[in-house]
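The values are calculated or read from the model by the stated rules, or taken from the named source; none is laboratory data. Just so it is clear, the model here is predicted, and its values are computed rather than measured. Please note: Cβ atoms are built from the backbone with ideal geometry, for glycine as well, and neighbour counts cover all protein chains shown. The accessibility values were calculated without ligands, DNA or RNA, using every heavy atom of the protein model including side chains. Shrake-Rupley method; radii C 1.70, N 1.55, O 1.52, S 1.80 Å.
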Amino acid sequence: MRVTFYEERNFQGRSYDCTGDCADFSSYMSRCHSCRVHSGCWMMYDQPNYMGNQYFFRRGDYADYMSMFGMSNCIRSCRMIPMHRGYYRMRIYERENFMGQMYEMMDDCESVMDRYHMSHCQSCHVMDGHWLMYEQPHYRGKMWYFGPGEYRNFSNMGGMKFMSMRRIMDSWY
């Protein structure tokens with residue numbers, strides 16, 4: 001897995017080759033305005049230490065990603081998403097701490113409201129696979145990456161209310 005970051009748009013200026021998680025680009029470059037994902041899937045963050053808004057990048061060229069994604073800040077940190085082959089399973093809950101209605105998902109969901117008649121979910125347990133969850137139906141709005149684990153309370157994630165989710169498939173690598 002590899003991504004090359006460039007200080008200027010259109011792959012110009014100083015560059016930095018990255019092959020794993022990087023909590024802060026500032027020691028390698030002062031800013032980042034374009035990148036080329038050679039392989040793998042990555043979450044990019046507009047703040048150091050994997051903080052701030054999250055953006056999903058897969059293999060491809062991003063000559064001016066800030067315009068593409070409507071970003072106001074440059075990428076400041078990145079995290080590699082490990083490839084997963086096999087089943088995908090996640091339980092979503094209506095309330096915090098795994099309370100209320102529970103639904104088990106094994107595939108993408110364009111709208112929690114349409115499928116489960118739930119306005120949004122407040123907690124989840126990812127048993128298998130890697131997932132992207134979105135604040136709006138049809139995979140729109142801000143997104144958040146979820147790997148295997150328990151997520152008891154979404155309010156500590158900036159008050160996000162997730163209304164759609166999709167699997168990060170191995171074919172995207």
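For Asp61, are the conditions met, namely being open to solvent by 80 Å² or more (accessible area, probe 1.4 Å) and assigned to a strand (DSSP E or B)?
On the way: open to solvent by 80 Å² or more (accessible area, probe 1.4 Å): yes; assigned to a strand (DSSP E or B): yes.
For Asp61, the condition - open to solvent by 80 Å² or more (accessible area, probe 1.4 Å) and assigned to a strand (DSSP E or B) - is met.
Of everything in segment 99-126 that's in contact with a strand residue (DSSP E or B) (Cβ under 8 Å, 6 or more places away or on another chain) and among the acidic types (Asp, Glu), which residue is least open to solvent (accessible area, probe 1.4 Å)?
Among those residues, the one meeting the criterion is Asp108.
Restricting attention to segment 7-31, report how many residues are open to solvent by 90 Å² or more (accessible area, probe 1.4 Å) and more than 18 Å from the chain's Cα centre (by Cα).
Final tally of qualifying residues: 6.
Only one of these is of a type outside the set (Phe, Trp, Tyr), outside any strand (DSSP E or B) and within 18 Å of the chain's Cα centre (by Cα): Cys124, Cys74. Name it. Steps first, answer last, please.
Values: Cys124 fails: outside any strand (DSSP E or B).
Among Cys124, Cys74, only Cys74 is of a type outside the set (Phe, Trp, Tyr), outside any strand (DSSP E or B) and within 18 Å of the chain's Cα centre (by Cα).
For Asp61, work out the one condition from (1) in contact (Cβ under 8 Å) with a residue 60 or more places away in the chain; (2) in the same structural domain as Phe25 (by the TED database) it doesn't fulfil.
Just one mismatch for Asp61, condition (1).
Please verify whether segment 84-98 includes one or more residues that are over 19 Å from Ser171 (Cβ atoms), in contact with a strand residue (DSSP E or B) (Cβ under 9 Å, 6 or more places away or on another chain) and without any contact (Cβ under 8 Å) to a residue 12 or more places away in the chain.
no
Do you know which residues across segment 144-173 are in a strand (DSSP E or B) and open to solvent by 30 Å² or more (accessible area, probe 1.4 Å)? So that I can check it myself, show each step before the final result.
Just the residues of segment 144-173 that are in a strand (DSSP E or B), to begin with: 144-146, 149-151, 162, 164-167.
Across segment 144-173, the qualifying residues are Trp144, Tyr145, Glu150, Tyr151, Arg166, Arg167.
For segment 128-142, what are the residues that are closer than 14 Å to Cys109 by Cβ and either open to solvent by less than 70 Å² (accessible area, probe 1.4 Å) or not assigned by the TED database to the domain that holds Gly100 (or both)? I'd like the intermediate steps shown before the answer.
Taking segment 128-142 first, the residues closer than 14 Å to Cys109 by Cβ are 129, 131-140.
Within segment 128-142, Gly129, Trp131, Leu132, Met133, Tyr134, Glu135, Pro137, Tyr139 meet the criteria.
Please work out if Arg76 is open to solvent by 70 Å² or more (accessible area, probe 1.4 Å) and in contact with an Asp or Glu (Cβ under 9 Å, 6 or more places away or on another chain).
Values: open to solvent by 70 Å² or more (accessible area, probe 1.4 Å): yes; in contact with an Asp or Glu (Cβ under 9 Å, 6 or more places away or on another chain): yes.
Answer is yes for this residue.
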